[in-house]
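The values are calculated or read from the model by the stated rules, or taken from the named source; none is laboratory data. What you see is a predicted model, and the numbers here were worked out from it, not measured in a lab. Cβ coordinates were reconstructed from backbone atoms using ideal geometry, including for glycine residues, and neighbour counts include every protein chain displayed.
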Amino acid sequence: MNRRIDLIDLATTPEPQRDYVGHLSRLCDTLGVEHASYFAANPISGKMHGFTTYPEEWKSHYVAHRLQEVDPTLNSASRSVAPVDWKRLKRDPNYDRVFKDANDFKLPFQGVTVPIRGMFGEVGLLCACSSATDEEWTKLRRNIIGSLLNNAVHLHDTVMNSDPLLKTLSHPKLSNREIEILQWVAAGKSQQDIGDILAISSRTVEVHLRSTREKLCTISTAQAVGRGVSLGLIHPG
């Protein structure tokens, strides 16, 4: 039996100060992709939140046919810790159902979904797609994956922090030294540079960064910087 997943379009919520779709549109322009989407399940309410730059006709069709419950671009990535290229998705009936419908709407079929692990075990998913050829897409994906990882963290934390309870709960306890080192990373300093500045070894810097990544539930230092900024622990570099 499939679990019912209700979608809440954040673009229609009364939070005009948070222009989620506008942010995604600017991200598409910057990275050279056609469309982008973000989805995440609120761990308190269980509702799935989402917003996208896809046309209204596709959004209406997608929700009306409850494609979010079978969409492999979401389901496969939600079980992964690494970005999932849509070319590597299993060609099963769910894939055929979603991508056949998408093709009817003349939507791109090249894409990648970036999963983000949240502070409470929840998963955020940032998707980007393009009409590029296989060769063009391979090169484009390689060039934009770092930006997608950072933006996924930013979007996920912004959405989760819009809930007062989650905002109260989602502030990890970093030590002063961990915050200091993360701030230097945000400023563009290397581990060796930071070690020289703080009069500690680069190995000790890495130990602190590893602890910081674990506390912030991130898989890379770049993501830790993004989450540190979004949580107000450090300032942008």
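From (1) modelled with pLDDT of 95 or more; (2) surrounded by 12 or more Cβ atoms within 10 Å (Cβ to Cβ), pick out the condition that doesn't hold for Arg117.
Unmet for Arg117, out of (1) modelled with pLDDT of 95 or more; (2) surrounded by 12 or more Cβ atoms within 10 Å (Cβ to Cβ): (1).
Please go through the stretch 64-83 and pick out each residue that is surrounded by fewer than 16 Cβ atoms within 10 Å (Cβ to Cβ) and of a type in the set (Ser, Thr, Tyr).
Ser80
Give the residue that is surrounded by the fewest Cβ atoms within 10 Å (Cβ to Cβ), with candidates limited to residues of the stretch 133-187 that are at pLDDT 95 or above and hydroxyl-bearing (Ser, Thr, Tyr).
Thr133
Could you list, in sequence order, all residues of the stretch 194-236 that are farther than 19 Å from Gly146 by Cβ and in a loop (DSSP other than H, G, I, E, B)? Steps first, please.
Initially, the stretch 194-236 is screened for residues farther than 19 Å from Gly146 by Cβ, giving 194-208, 210-211, 214-215, 231-233, 235.
Ala199, Ile200, Ser201, Leu231, Gly232, Leu233, His235 - these are the residues of the stretch 194-236 that are farther than 19 Å from Gly146 by Cβ and in a loop (DSSP other than H, G, I, E, B).
Within the stretch 124-154, can you find the residues that are aliphatic (A, V, I, L, M), touching a Leu at 6+ places or on another chain (Cβ under 7 Å) and over 12 Å from Leu27 (Cβ atoms)?
Quick first cut of the stretch 124-154, residues aliphatic (A, V, I, L, M) only: 125-126, 128, 132, 140, 144-145, 148-149, 152-153.
From the residues that got through so far, the ones that are touching a Leu at 6+ places or on another chain (Cβ under 7 Å) too are 125-126, 128, 132, 144, 148, 152.
Within the stretch 124-154, Leu125, Ala132 qualify.
Hey, any hits in the stretch 112-120 for a residue that's touching a His at 6+ places or on another chain (Cβ under 7 Å), assigned to a strand (DSSP E or B) and assigned by TED's automatic domain parsing to the domain that holds Phe39? I'd like the intermediate steps shown before the answer.
Here is the first cut: in the stretch 112-120, the ones touching a His at 6+ places or on another chain (Cβ under 7 Å) are 116, 118.
In the following step, the residues that additionally are assigned to a strand (DSSP E or B) were identified as 116.
Restricting the remaining residues to those that are assigned by TED's automatic domain parsing to the domain that holds Phe39 gives 116.
Checking the stretch 112-120: at least one residue is touching a His at 6+ places or on another chain (Cβ under 7 Å), assigned to a strand (DSSP E or B) and assigned by TED's automatic domain parsing to the domain that holds Phe39.
Is there any pair with a first residue in the stretch 57-79 that is under 18 Å from Phe105 (Cα atoms) and a second that is among the β-branched types (Val, Ile, Thr) and part of a helix (DSSP H, G or I) whose Cβ atoms are under 6 Å apart and which are 6 or more apart or on different chains, and what are they?
Leu67/Val98; Asp71/Val98
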